[in-house]
Amino acid sequence: MSAIRLLVLGAVRQHGRAHGYQVRNDLEYWGAHEWSNAKPGSIYHALKQLAKQGSLLAHEIAPSTAGGPPRTEYEITSTGRAEYFRLLREALVTYDQKMDVMSAALGFIVDLERAEAVGLLNERVRAIEAWRTEVTRHYIPEQGPQQLGHIGEIMNLWVHSADTGAEWTRGLIRRIEGGAYVFAGEGDPFVGVLADGEENPYATGDG
């Protein structure tokens, strides 16, 4: 699963209607250009592809008074909303993926209801525990990686990462169950996008 589709659909959805530069600005504001493949070219390509696939609706609006080509604004469709929530839910439960996918899901987790978010994260923990149980039938962490020669360090890395991932996920579940954050249906959401004209302190500055 690629993080860019989830990031772009989520960013457009938060605005209601957004042009490519707004989407890029939001994702840079979140630092996504550092921890994912959300670079300018990838963002604009994803917008066009999602529009071609029916997940976004492209609107050409009049050019500025200074001239130039018409600007394209994008709006999420019902197909796009369904795809967005499918990707979001998949990202939260699937543990064996790149970090950028989970990072993207965390940026949008409050679009779900609190109980569903907790349920999905619990699924994630169960999947990690099942993977660890299967792996440790052949590799015993308590005996140390040397049991398999230096190749054992590979398994040591993965088991350690799984344990850390499960511990972090349990902590997130506790925070959410304890009332942290505003989830869908609970009130005014946290505003995670830049207002029109608001300067982005994290912009890369390249064209």
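FYI, it's all coordinate maths here, none of it is from the lab. A quick note: this is a predicted structure, and the numbers were derived from the prediction, not measured. No Cβ is skipped: glycine too gets one built from the backbone with ideal geometry, and neighbour counts run over all protein chains shown.
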Requested in this report: Could you state the angle between the C-alpha long axis of helix 3-15 and the longest principal axis of the C-alpha atoms of the chain, as a value from 0 to 90 degrees rounded to the nearest 10?
Outcome: 50 degrees
Query - Shape call, the chain: gyration tensor on alpha carbons, a/c limit 1.5 - result: prolate
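Percent relative contact order of the stretch 1-87, based on C-alpha pairs within less than 8 angstrom and at least six residues apart?
On the way: 109 pairs, mean separation 30.9, N = 87.
Relative contact order, the stretch 1-87: 36 percent.
Expected output is a single nm value to one decimal: the length gained when fully extending between Thr133 and His45, i.e. 0.36 nm times separation in residues minus the C-alpha distance. What is it?
Numbers: separation 88, 0.36 × 88 = 31.68 nm, distance 4.08 nm.
Using 0.36 nm per residue and subtracting the Cα-Cα distance, I get 27.6 nm.
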Query raised in the report: When the helices in the chain are scored as -39500 (n - 2.57) per DSSP H run of 4 or longer and the sum is shared across all residues, what 222 nm value do you end up with, to the nearest 500 deg cm²/dmol?
Result: -18000 deg cm²/dmol
Query raised in the report: At a Förster distance of 45 Å, what's the computed FRET efficiency of Arg126 paired with Ser78, Cβ-Cβ distance as r, to 0.05?
Result: 0.90
Requested in this report: Fewest Cβ neighbours within 10 Å first, please rank Leu157, Leu92 accordingly.
Outcome: Leu157, Leu92
Report task. Between Trp35 and Met99, with labels modelled 7 Å along Cα→Cβ, what's the label distance in nm to one decimal, could you check? Result -> 0.8 nm
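For His59 and His150 in one chain, what is 0.36 nm times their gap in residues minus the Cα-Cα distance, to one decimal in nm? Spell out each step's value before the answer.
Numbers: separation 91, 0.36 × 91 = 32.76 nm, distance 5.66 nm.
The span from His59 to His150 would gain 27.1 nm if fully extended.
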